[in-house]
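Taking it in order: structure first as structure tokens, then the write-up.
The values are calculated or read from the model by the stated rules, or taken from the named source; none is laboratory data. What you see is a predicted model; the values in this text were computed from it and never measured. Because the Cβ atoms are built from the backbone with ideal geometry, glycine has one as well, and the counts that use them run over all protein chains shown. Heavy atoms of the whole protein, side chains included, go into the accessibility calculation; ligands, DNA and RNA do not. Shrake-Rupley method; radii C 1.70, N 1.55, O 1.52, S 1.80 Å.
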Amino acid sequence: MQILNFQDENDGSITKAAILEDVEKVSPIRFYAQTQIETKKDLIKTIMVNSCPEFENLPDEFWYIQAAKVVESFLSDMAKTKVPENFLSLLDGNKKKKEQISLMKGQTLDPNQLFALLVNAEAKGYTFSEYHYQATPPNVDIEKLPQMIEVKEDGNVRSIGNKGLSDGQMKTVVEQTKKIVAKILDKGDEWHCFYLTFRGIAGKEQGEQGQRPHVHYISDKFGISREDLVKSIRAGNCPASSVHIGILNYPTVEKKE
């Protein structure tokens, strides 16, 4: 994981972005604990050093300890987060495709419930994998892009390091950037994949279900091998799935790093 810092040339404020790399068949609890500690450690240090510059010279161990305390509390809360019963039944296994589709029909999760589902799947014997794909629109000159673009909920655009693009041009870049994140839970030959796209999580895909923030679901029962699924994701091609899971209370701010 990389932590990137973007400093605003106007007010000196810093925007941080965590860039995750692909991981394969790891402990979901350990993975999320490590990534959360890294991001929280960096954030806590930035806040405290801004308040008290003399903290700058404290060793990394101090910041890791502070972050670990925060993450331990967070993971404890996630372990207590109630996940809808249909998702727990889904992970019990031995379900045919028709049964899986029936269980997921009309289902919704909020971000904390989705996180809890993935983390707590370890108790049911699952490992966790995550794969990413991102591509800027082909007609965009990468050299002319700002370091960071943020499209806010009200439609206003904020950028850092802008090289002359208009707000409309920057907004178009963000909206047309193709991003896929696939999260897979594996147990033996059985796997469950929850994948999102920028357009899907913004509720901008086609059809009635596509008009709300959602993730897609697909599994080993859908006639595609895990190997082909991963190849497809890494090539920027979403596997065919009509199963949409609504995501409630998802922040609609879109960022382009």
Legend entry - Identified option (computed P(r) over Cα pairs in 10 Å bins from 0, in percent; candidates (i) 6, 25, 33, 24, 9, 1, 0; (ii) 6, 21, 18, 9, 6, 7, 11, 12, 8, 3, 0; (iii) 7, 31, 39, 21, 2): (i)
Inset, instruction - With a 10 Å radius around each residue's Cβ, average the other Cβ atoms per peptide and rank 198-205, 152-159, highest first. - result: 198-205, 152-159
Inset, instruction - For residue 16, go through the aspartates and glutamates and keep the ones whose alpha-carbon is under 19 Å away, minus same-chain ones fewer than eight residues off. - result: 8, 38, 42, 56, 60, 150, 153, 254, 257
Legend entry - Selection from 50, 19, 91, by position along the positive dipole direction of the range 1-96 (Cβ): 91
Inset, instruction - Treating the angle as unsigned and between 0 and 90°, give the value, to the nearest 10°, between the Cα long axis of helix 28-51 and the longest Cα principal axis of the chain. - result: 20 degrees
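Rounded to the nearest 5, what is the percent of antiparallel bridges among the DSSP beta bridges in the chain?
On the way: 39 of 41 bridges.
Within the chain, antiparallel bridges account for around 95 percent of the total.
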Legend entry - Pairwise label distance in nanometres, residue 5 with residue 248, each label 7 Å out on the Cα-Cβ vector: 3.9 nm
Legend entry - With every protein chain in place, the chain: carbon and sulfur % of accessible area (1.4 Å): 49 percent
Inset, instruction - Give me the angle, in degrees from 0 to 90, between the Cα long axis of helix 111-120 and the longest principal axis of the Cα atoms of the chain, rounded to the nearest 10. - result: 60 degrees
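When averaged across all projection directions, what area in nm² does the alpha-carbon convex hull of the range 59-139 cover?
9.6 nm²
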Inset, instruction - Place +1 on the Cβ of every Lys and Arg and -1 on the Cβ of every Asp and Glu in the chain, take the dipole about the Cα centre, and give the residue among 242, 229, 164 whose Cα lies farthest towards its positive end. - result: 242
Inset, instruction - Whole Å is fine, so just give me how far the alpha carbon centre of the range 16-61 lies from that of the range 75-100. - result: 29 Å
Inset, instruction - Note down the magnitude of the dipole of the chain about its Cα centre, charges +1 on Lys and Arg C-beta and -1 on Asp and Glu C-beta and zero elsewhere, to the nearest 20 debye. - result: 900 debye
Legend entry - Over 21 Å (Cα to Cα) - which of 41/124; 95/187; 163/204; 96/124; 187/221 fall in this group: 41/124; 163/204
Legend entry - Tilt relative to the chain, helix 167-176 - C-alpha long axis, 0 to 90 degrees, to 10: 30 degrees
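Can you bin the range 1-144 into rounded, prolate or oblate? Criterion: square roots of the alpha carbon gyration tensor eigenvalues sorted a ≥ b ≥ c, rounded for a/c under 1.5, prolate for a/b above b/c, oblate for the rest.
oblate
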Inset, instruction - Count charges around residue 194 for me, please; just the other residues with Cβ under 13 Å from its Cβ, Lys/Arg as +1, Asp/Glu as -1. - result: -1
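With a 1.4 Å probe and all protein chains left in place, how much accessible area per residue does the chain have, in Å²?
Accessible area per residue: 54 Å².
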